[in-house]
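The values are calculated or read from the model by the stated rules, or taken from the named source; none is laboratory data. Model, not experiment: these values are computed from the prediction. Methodologically, a virtual Cβ is constructed for each residue, glycine included, from the backbone with ideal geometry; neighbour enumeration extends over all protein chains shown.
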Amino acid sequence: MTALLFIRTYWKALVGGLLLVILIGLSLALLTTRAALADRTTERDQARQALTDQIAAYQAAAKQAQDKARAVETRNQQIQQEAQNAIEAQLADARTRAADYARRLSGTATPADPDRSGGRVPETADAAGGADRARAQAILADDLSICSENTVKAAGWLEWWKQLGSGR
């Protein structure tokens, strides 16, 4: 039998066998593609879940940070208000004490003790000395007031910073 005769006789079987080999190859390729696609789908779903988890963790951390920032801001405002009220009360007291001290130094009677002459230096007889003395007393009163206020403010700032630092 020659090759031509073999092909003429069995051509249907040869074509069928060739088609069968092609069909088996395509089936294997389809199975391999489906397995790879399933692997990629699983990886994609895992990556999507990981991203969703990261977003949720970020949002929770952001909310927690915002809540903490609000709490700190509220606490700081409360400390600031308390410090402000304390400083204002201390300033009023310091101004009163400075004015009283200036009056005692100048020899002016206070409402509580009208007969008190204070620790003043005896007045001079000339008019120019009286004007200088009045100017000096005004400067002294201003200096006492300024020093008293600055001392109270400095002590208040120190206390305020201590309170702010204690909550961190």
Restricting attention to the range 62-74, does a residue exist that is in a helix (DSSP H, G or I), surrounded by 10 or more Cβ atoms within 10 Å (Cβ to Cβ) and touching a residue at least 60 places away in the same chain (Cβ under 8 Å)?
yes
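Would you call A94 touching a Phe, Trp or Tyr at 6+ places or on another chain (Cβ under 8 Å), assigned to a helix (DSSP H, G or I) and touching a residue at least 24 places away in the same chain (Cβ under 8 Å)? First the steps, then the outcome.
Numbers: touching a Phe, Trp or Tyr at 6+ places or on another chain (Cβ under 8 Å): no; assigned to a helix (DSSP H, G or I): yes; touching a residue at least 24 places away in the same chain (Cβ under 8 Å): yes.
Taking the combined requirement at face value, the residue does not satisfy it.
Quick check: anything in the range 76-90 surrounded by 13 or more Cβ atoms within 10 Å (Cβ to Cβ) and more than 30 Å from C147 (Cβ to Cβ)?
Step one: filter the range 76-90 for residues surrounded by 13 or more Cβ atoms within 10 Å (Cβ to Cβ), giving 76, 79-80, 82-83, 86-87, 90.
Add one more test, that the residue is more than 30 Å from C147 (Cβ to Cβ), and what stays is none.
So far as the range 76-90 goes, no, none of its residues is surrounded by 13 or more Cβ atoms within 10 Å (Cβ to Cβ) and more than 30 Å from C147 (Cβ to Cβ).
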Just one of (1) loosely packed, with under 13 Cβ neighbours inside 10 Å; (2) at pLDDT 85 or above; (3) within 35 Å of the chain's Cα centre (by Cα); (4) not acidic (D, E) trips up S166, so point out which.
(2)
